[in-house]
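Contents: one structure, followed by commentary.
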Amino acid sequence: MKLQNVSFEASAPNIYMEKGFLHLHVTVVCVFIFLYAAKVFLLLANKSAALDKLRRKTKLADAVLGSSILVTGVFLLIKTPVVETYLLVKIVLVIASIPIGIIAMKKMDKALAIAAALIYVYVFAVAKTDSLQLKKEAFVTPAFQSGTATDSAHTIREGEVIFAAKCVLCHGKDGRLQLNGAKDLSVSTLTNAETIELIKSGNGLMPGFKDEFNEEQLNALAGYVEGLRK
């Protein structure tokens, strides 16, 4: 299941804003999970006095962190070109885990506290892998008839297929769309090796594809991207 968002052409300030929101979102999520883990530890260790003290001291911080997660999360969701199933499930789990965590701490319920903690950890892992199975699936290039085509033509065709499946939403067919912080590929000065490394590692809102593409696919895509230059 995929839902496609509509976005406008990104300007330089918007690109920096998107990166800023992404880094802020990751930071506040990590701090929130760390604080909650500390509370769960105190609860499981039966240190009620220390837990109450920590809860009082972090009451304002919890509110700020929760609001920041919500605001940055909504912003990034709007900027996401394709909303896939794993992302929808992640949102539902986050919404469900918040009241569970609050009730767990209020009632000192260890089982609920552990359940909420496990949800937080799972959601974080899903966010890092973009997969409900916590493992990115390899992209399979659709088979096409090469006939008498040369190896070079076959590689270009494979790169075109991969680009259409994974890149065209943000970069556009000609590589110049620049949605969601995407660069104008027609004026790129990256070498082939640098292009491959960028595809593997990602940048900003662009995810990395090192676990999805094999070496042949990476070379094919990088070669096709180079062909989009003016």
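Quick notes on this structure:
- Sum of side-chain charges, E212 neighbourhood, beta-carbon under 11 Å (Lys, Arg +1; Asp, Glu -1): +2
- For the pair the range 176-230 / the range 75-146, the C-alpha centres are spaced 27 Å from each other.
- Footprinting exposure proxy ranking of Y122, Y36, fewest other C-beta atoms within 10 angstrom first, gives Y122, Y36.
- Rounded if a/c under 1.5, otherwise prolate or oblate - the chain, Cα gyration tensor axes: prolate
- Per-pair calculated FRET efficiency, R0 = 25 Å: E137 and I98 via Cβ, rounded to 0.05: 0.25
- Proximal charge balance of T72 [Cβ under 11 Å; K/R count +1, D/E count -1]: 0
- Highest average packing first - 123-131, 171-179, Cβ atoms within 10 Å: 171-179, 123-131
- Cα-based radius of gyration of the range 151-226 once divided by 2.2 N^0.38 Å, which approximates compact folds: 0.99
- In order along the range 175-189, phi translates into HN-Hα couplings of x, 10, 5, 6, 8, 6, x, 5, 7, 6, 6, 6, 10, 5, 10 Hz, rounded to whole numbers, per the Karplus curve 6.51 cos²θ - 1.76 cosθ + 1.60 with θ = phi - 60° and x for Gly and Pro.
- Computed E for A115/K200 - FRET, C-beta separation, R0 35 angstrom, nearest 0.05: 0.45
- Percent of alpha-carbon pairs separated by more than 25 Å within the range 2-129: 31
- Sparse-neighbourhood loop sites, trypsin sites (Lys or Arg not before Pro) in the range 30-115 - DSSP loop, at most 11 other Cβ within 10 angstrom: none
- At most 12 other Cβ within 10 Å, DSSP loop - chymotrypsin sites (Phe, Trp or Tyr not before Pro), the range 128-230: F144
- The residues neighbouring L43, those whose beta-carbon lies less than 12 Å from its own, together hold a net charge of +4 under the Lys/Arg +1, Asp/Glu -1 convention.
- Inter-probe distance in nm under a simple model that places probes 7 Å from Cα toward Cβ, at S48 and L24: 4.0
- Under the span-like rule (Cα at least 27 Å along the axis, Kyte-Doolittle mean at least 0.5), DSSP H helices of the chain: 12-44, 59-79, 85-107, 110-129
- Our helix-only sum for the chain, with -39,500 (n - 2.57) per DSSP H run of n ≥ 4 divided by its residues, gives a mean residue ellipticity at 222 nm of -21500 deg cm²/dmol.
Each value in this text was obtained by applying a stated rule to the coordinates, not by laboratory testing. Nothing here was measured: the structure is a model prediction, and the numbers come from that model. FYI the Cβ positions are ideal-geometry reconstructions off the backbone, even for glycines, and counts take in every protein chain you see.
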